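Structure record follows, encoded as structure tokens.
The values are calculated or read from the model by the stated rules, or taken from the named source; none is laboratory data. What you are looking at is a predicted structure, and each value in this text was computed from that prediction instead of being measured. We place every Cβ from the backbone using ideal geometry, glycine too, and count neighbours over all the protein chains shown. Note: areas computed on protein heavy atoms with side chains; ligands, DNA, RNA excluded. Shrake-Rupley method; radii C 1.70, N 1.55, O 1.52, S 1.80 Å.
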Amino acid sequence: STWGLFSRSILMAAASASAVTTKTPIVLEQTVFGRAWDIRPTVDVTKVSQAETARNLGEQIVKRIHETERLTVELEFKNIKVIANLWGFDRLVELKLDNNCIEKIERLGHLVTLTSLDLSFNHISTIEGLATLTNLEELNLSSNRITKLGGLETLAKLEMLMLGHNRIGEAPEGTEVDPKKVLDELRYLRQFRSLEMLTLEHNPVALLHDCDKFVIAYCDSLVYLNFRLIDAAARKAAAERFNDDLVGIREDEAAAAGAAAERDKEAQELARLGGAHLLGFETLWDELFDEDSEAAKWRLLPGVEGPLDKYRESFTALKDAFIASMFAVHTERKELIAAFYSEIEAEKSAVEAEARADIAAFETWRRRVLYPEMAALVERREYDEFDAQIQSKLTPAIAELSDKLMDAEVFVLEQFDDASIKFERAIADLVSNHQSDVISFVIAVRDLEMAFAQLLTQLAEATQAQFLKDDNNDAVPEALAVLFNDKEGLPNLLAAAHDLRMDKINASEDEFNNKLQRDNETLFARVRDELHQRNRDRVEEIHQLVLQYEHERDDVASSGLSLAMLT
């Protein structure tokens, strides 16, 4: 439970920090798990090698892991110094390694499902190695040698943090404690907005005046501090003492949260557009004019803003409609991909179920029919017939099972290939059917650009003619006057700007089509690689399984039947 570690920690706090035995510290290994879970090898250890015994024990541990829905590991008082050999515990939710000799938090990064971790009563001096454990809700690091807060930034779900009996706030050797600086370091705890339980007792920082008030004021969500319920009086005292300090902090946090939310919104939209290869179309309007170094000059023309605004409005309407249309295509494409993988999973499940049934039937026949018959032959001392049974029944049965499994893999690979061909054709047809939408959009934008360029040219010619006709042009900006005095200058400038925008428009079509083609090629290659890799893996698994059966057959031929083979 959420508070299970709370009550347990109260009891543990009464224990001696020197409770660890004086035996030689060990590395966490599978024999430790075997003793902790009371798991023993199922083979006769007097008749097999140490390597075979270790392999068998490992298999029993893996089986326990896979059969346990809510996996917990309790390894207190095991004299463990080094954390290791936790690979495979990917569904672990609770890990207790308290009262050991651990000096470093390491090799835990893959335990991403972990919600509770107890490392109390060890020799840890630095909080580290926890960044990926983002589901952690309970963390007990009490009774260690920790001097500084840190290493917890990603643990946003923390509800309980036990840090009592450490060295937090301890002054470096040869220096004096700066109370204000030490207290300010506790602001680090404010980021944990779900934190309800915190212990800091028996740390140097806890001896400072106003430490409890500081923590209560800065950690709004706290319910318990140092095993005591925070009552209304304590909250009021903390608020009165530190409210002025928190006003500015809360304002800054609110502003930062708003800015972060806006950035997240923008990032999500960019990711959405990027996923559909539409990012270039969303920013196309800005790109049409950003690279026009002379735009500042022609935009000085009187009356230019009206046509430009109309151009922008028409372009935006076209762009929004096009993006909506392409998102519909993108959604349909994702649905095709999901349907394809669903079909593949169904095929895989069917062939794997059939394979499991074949293996189970072989195992049943071997252990319940053949081996008992062979055991009876041994009892009757019919050793030649015993050997004959191996050659006439067991060897052909292994070969038959191998052929069945391999034939099933050949069949399913053919099914996968057929499904892949249909899938690729469906994606290609979808893209082809909507290619006209891309062409229509680009043509419409070209028409808008042509109309705008024509209006701009007419406006420029009329304005230039009026400029050359008037004697008093003091009100005309100097940059524009220079262009007007050069008969070909303004027309050339406008023509160059128009050509630049047309190049951008044409390039957008090519870029979109190229990205979509590359994306499809990558998708198809990935699908083929995944399916063929799956087939290669299955063939290797079958090969290893057959080798295992053949090795056991050879063991039976040389050493006879073991008790484990008959159970």
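Only one of the numbered conditions (1) open to solvent by 70 Å² or more (accessible area, probe 1.4 Å); (2) in a helix (DSSP H, G or I) is not met by residue 381, and that is (2). Can you name every residue in the stretch 335-366 that is acidic (Asp, Glu) and surrounded by 12 or more Cβ atoms within 10 Å (Cβ to Cβ)? Hits for the stretch 335-366 are 343, 347, 352, 354, 358, 363. One residue alone among 239, 261 is more than 17 Å from residue 163 (Cα to Cα), of a type in the set (A, V, I, L, M) and within 33 Å of the chain's Cα centre (by Cα), and that residue is 261. The set of residues in the stretch 107-127 being without any contact (Cβ under 8 Å) to a residue 60 or more places away in the chain, over 19 Å from residue 92 (Cα atoms) and of a type outside the set (Ser, Thr, Tyr) consists of 122, 123, 124, 127. Residue-level analysis places residue 187 among those that are of a type in the set (Lys, Arg) and either touching a helix residue (DSSP H, G or I) at 6+ places or on another chain (Cβ under 9 Å) or modelled with pLDDT under 95 (or both). What are the residues in the stretch 192-220 that are over 22 Å from residue 125 (Cβ atoms), surrounded by 14 or more Cβ atoms within 10 Å (Cβ to Cβ) and not basic (Lys, Arg), if any? Hits for the stretch 192-220 are 195, 196, 197, 210, 212, 214, 215, 216, 217, 218, 219.
Quick one: in the stretch 166-184, of everything that is within 28 Å of residue 248 (Cβ to Cβ) and not in a helix (DSSP H, G or I), which residue is modelled with the lowest pLDDT? Write out each step before concluding.
Narrowing the stretch 166-184 to residues within 28 Å of residue 248 (Cβ to Cβ): 168-169, 177-184.
Applying the additional criterion that residues be not in a helix (DSSP H, G or I) yields 168-169, 177-178.
Numbers: 168: 95, 169: 93, 177: 81, 178: 87.
Selected residue: 177.
What about residue 161, is it surrounded by 21 or more Cβ atoms within 10 Å (Cβ to Cβ), over 19 Å from residue 81 (Cβ atoms) and free of Cβ contacts under 8 Å to residues at least 40 places away in the same chain? In short, yes.
Which members of the stretch 430-474 meet the condition of being of a type outside the set (A, V, I, L, M) and in contact with a helix residue (DSSP H, G or I) (Cβ under 7 Å, 6 or more places away or on another chain)?
To start, the set of residues in the stretch 430-474 that are of a type outside the set (A, V, I, L, M) comprises 432-437, 440-441, 446-447, 449, 452, 454, 457-458, 461, 463-464, 466-467, 469-474.
434, 437, 441, 446, 449, 452, 457, 464, 467, 473 - these are the residues of the stretch 430-474 that are of a type outside the set (A, V, I, L, M) and in contact with a helix residue (DSSP H, G or I) (Cβ under 7 Å, 6 or more places away or on another chain).
Among residues of the stretch 295-314 that are closer than 16 Å to residue 497 by Cα, those with a Cβ under 6 angstrom from a residue that is among the hydroxyl-bearing types (Ser, Thr, Tyr), sequence gap 6+ or separate chain, pair up as 301/463.
Check whether at least one residue in the stretch 113-127 is outside any strand (DSSP E or B), touching a strand residue (DSSP E or B) at 6+ places or on another chain (Cβ under 6 Å) and modelled with pLDDT under 90, and report yes or no. Checked the stretch 113-127: no residue is outside any strand (DSSP E or B), touching a strand residue (DSSP E or B) at 6+ places or on another chain (Cβ under 6 Å) and modelled with pLDDT under 90.
Residue 108 meets all of the listed conditions (1) part of a loop (DSSP other than H, G, I, E, B); (2) in contact with a Leu (Cβ under 9 Å, 6 or more places away or on another chain); (3) open to solvent by 30 Å² or more (accessible area, probe 1.4 Å) but one, namely (3). Looking only at residues of the stretch 507-520 that are among the charged types (D, E, K, R) and either within 10 Å of residue 277 (Cβ to Cβ) or at pLDDT 90 or above (or both), we find that the one that is nearest to the chain's Cα centre (by Cα) is 519. Applying the criterion of being over 30 Å from residue 219 (Cβ atoms) and among the small types (Gly, Ala, Ser) to the residues of the stretch 253-274, the residue that is surrounded by the most Cβ atoms within 10 Å (Cβ to Cβ) is 274. Of the residues making up the stretch 397-426, those that are open to solvent by 20 Å² or more (accessible area, probe 1.4 Å) and of a type in the set (Ser, Thr, Tyr) number 1.
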